[in-house]
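Readers should treat all values here as calculations from the given coordinates under stated rules, not as data from a laboratory. Treat the numbers as computed from the prediction; the structure is a model and nothing was measured. Cβ coordinates were reconstructed from backbone atoms using ideal geometry, including for glycine residues, and neighbour counts include every protein chain displayed.
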Amino acid sequence: MSDAIAEVPLEISKKIAGGDAMSDPMNILAPEHRRLRIGDAWRDAASGATFSVEDPATGKTIAEVADADVVDGLAALDAASKAMAQWAATPPRKRSELLTATYRALTERSEEVARLITLEMGKPLAEARAEVVYGAEFFRWFAEEAVRVEGRYSTAPAGGYRILTVPKPVGPCVFVTPWNFPLAMGARKIAPALAAGCTTITKPAAQTPLTMLFLARIMEEVGVPPGVVNVVTTKRAGEVVSALLADRRTRKLSFTGSTEVGRVLLRQAADNVLRTSMELGGNAALIVCADADLDVALDGAMVAKMRNVGESCIAANRIYVEEPVREEFTTRFAARMGALSVGHGLDDGVDVGALIDEASVAKIDELVADAVDRGARVLVGGERPDGPGHFYPPTVLVDVPEDARILETEIFGPVAPIIPFTSDDEVMAKANDTEHGLVGYVFTRDLQRALRFTEGLETGMLGINRGLISDPSAPFGGVKQSGIGREGSHEGILEYLDLTYAAIDLP
Ligand code: NAP
């Protein structure tokens, strides 16, 4: 490692948002809507239990919400099952209009929604605003898809009869979503399901249930019929979701979260042979070739690493840089990381908000310590600040040995290990040496090289000279243990449609 790559001092300006009542993001979700949305009602848990939601930037409780148990979960399934036939029979144009109305309502209230997301999840407000745009776009996109569901009619090759395919909604769907995109991860499922004519039960992450409750409130206000969108908040994910998956009325599970929990749910879904969509963990390699436009590569690496405070399944987990540009890229990247300001996401000028919880900070701290113990050097960051709140500074590691745990673990935070490479075969083998296969990033001006990486990298998605790939009109999803199925695009609605094939005699 050349000494030219110097350590960069990091200024942490950890500020805590003031308590201006007028700007309290909780104002948009009235206490009566901090409850379960089941059928046409907002109700308390049958047991009367509640749990607390915290602001991760302060550790303070911001709300109490209903803590559902199995009885409540099954009541939501009753409502979803009861509403199913009528919703499936609702004209696609009408379903489409309700999705468009949801898109408009979210867009009109985007600032309030963004502030709620930041409050419960910690990301900076600018990122929360971007999430609202992204999440709302799924409703617009699937409003357009709802009226384009088509079957086929053809002559059997041997003649004598006709082949007709009729798409039909799968049936009541169970959705389990993570905390990192409290709006978008639910929107990615609810919008296509409704477009296809399915009813839904969403169990949001216990750490970020408020945004999903607010979405349910918006969908009630725009006129989505009772029972079509049910939301069950709970601290007892295991028992509630198991009961839902064990009930034969459930016909589909869509899960976004860790590969570990995904495996558990796939096993449970097997008993009822459920349709499943799995959006699981990642371990993305970001590859900077020597012929890349370094300005583009730096911008791309910053977005791919730091979007959502690094708490993204498509975050760049390992940054591979070809030897001739290693020094320049590393120096410039470390300077950009060191210039980011850390603080409460609701404060102006903050680039890096709080992480979700103490366990997350502790895990990241351990991964950095393990890498350093094995010989890595910290160029920027690397030391967690004192509380309150769950913060970790933007961190750049170099000289990271191959056996460091950070290279095989999903970091889910603002830490970037940089690893040099000297040949495409070498970096391809390293990039593919993981159970995950969600996304990769390649920066090169050489078209043939880009195509070789596109063919050789074992990922469901690839960013070429781009660090941002999420788009409601594109099929998001992974291969290997990163997932099954796609969200967004035309493929997204197919996840919610079954086919009936009819052979029609016509001599
Ligand atoms: P997680 O721990 O797997 O939790 C995800 C959801 O599953 C939460 O709602 C959680 O509820 C629930 N859950 C946990 N254990 C369960 C069980 N035994 N039965 C039923 N449900 C259960 O993941 P996370 O920490 O929230 O999210 C981070 C992970 O999500 C990362 O691995 C990330 O890569 C992945 N992710 C993937 C994508 C993608 O599109 N591929 C997108 C975003 C995130 P509780 O909140 O109550 O624990």
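Some values worked out for this structure:
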| quantity | calculated |
| --- | --- |
| Antiparallel DSSP beta bridges within region 387-507, percent to nearest 5 | 30 percent |
| Stokes-Einstein D for region 296-339, Kirkwood Rh over Cα pairs, 20 °C, 1.002 mPa s (µm²/s) | 197 µm²/s |
| Stokes-Einstein translational diffusion, region 202-351 - Kirkwood Rh over all Cα pairs, 0.692 mPa s, 37 °C, in µm²/s | 172 µm²/s |
| Distant-in-sequence amide H partners of residue 416 (H built 1.01 Å from N, under 5 Å) | 395, 396, 397 |
| Built amide H within the under 5 Å cut-off of residue 461, gap 5+ | 439, 440 |
| Pairwise FRET efficiency - residue 357 versus residue 64, Cβ, R0 = 22 Å, nearest 0.05 | 0.80 |
| Percent of beta bridges antiparallel (DSSP, the chain, rounded to nearest 5) | 45 percent |
| Relative packing of 321-328, 306-313, which averages over residues the other C-beta atoms within 10 Å, highest first | 306-313, 321-328 |
| Per-residue ³J(HN,Hα) for region 492-498, Karplus 6.51 cos²θ - 1.76 cosθ + 1.60, θ = phi - 60°, Hz, x for Gly and Pro | x, 7, 5, 5, 10, 10, 9 |
| Relative contact order [Cα under 8 Å, 6+ residues apart], the chain, whole percent | 20 percent |
| Rough spin-label spacing in nm, given labels placed 7 Å along Cα→Cβ, for residue 46 and residue 30 | 2.7 nm |
| Rh by Kirkwood over Cα pairs, then Stokes-Einstein D for the chain at 1.567 mPa s and 4 °C, µm²/s | 55 µm²/s |
| Relative contact order, percent, region 364-448 [alpha-carbon distance under 8 Å, six or more residues apart] | 25 percent |
| Additional length obtainable on full extension of the chain from residue 328 to residue 465, 0.36 nm per residue less Cα span | 47.5 nm |
| Overall form of region 415-468 per C-alpha gyration tensor (a/c, 1.5; a/b vs b/c) | rounded |
| ³J(HN,Hα) computed for each position of region 127-139 - Karplus, 6.51 cos²θ - 1.76 cosθ + 1.60, integer Hz, glycine/proline x | 6, 5, 4, 5, 5, 5, 4, 4, x, 4, 4, 5, 5 |
| Ranking of 305, 480, 252, 94 by count of other Cβ atoms within 10 Å, fewest first | 94, 480, 252, 305 |
| Hypothetical label at residue 88: residues of region 488-507 whose amide nitrogen lies under 17 Å (7 Å Cα-Cβ projection) | 494-502 |
| Among the listed pairs 60/203; 123/430; 305/363; 235/480; 60/252, those beyond 27 Å (Cα-Cα) | 123/430; 235/480; 60/252 |
| Which of 399, 291, 386 has the fewest Cβ neighbours within 10 Å, and the rest in rising order | 386, 291, 399 |
| J(HN,Hα) series, region 155-165, from Karplus relation 6.51 cos²θ - 1.76 cosθ + 1.60, nearest Hz, glycine and proline x | 8, 4, x, 7, x, x, 8, 10, 10, 10, 10 |
| Cα gyration tensor category, rounded, prolate or oblate, for region 373-431 with a/c compared to 1.5 | prolate |
| Contour minus Cα-Cα distance for residue 295 and residue 107 (0.36 nm per residue) | 64.4 nm |
| Prolate/oblate/rounded label for region 258-304 (Cα gyration tensor, a/c 1.5) | prolate |
| Cut-off under 5 Å, modelled amide H: who pairs with residue 63 long-range | 53 |
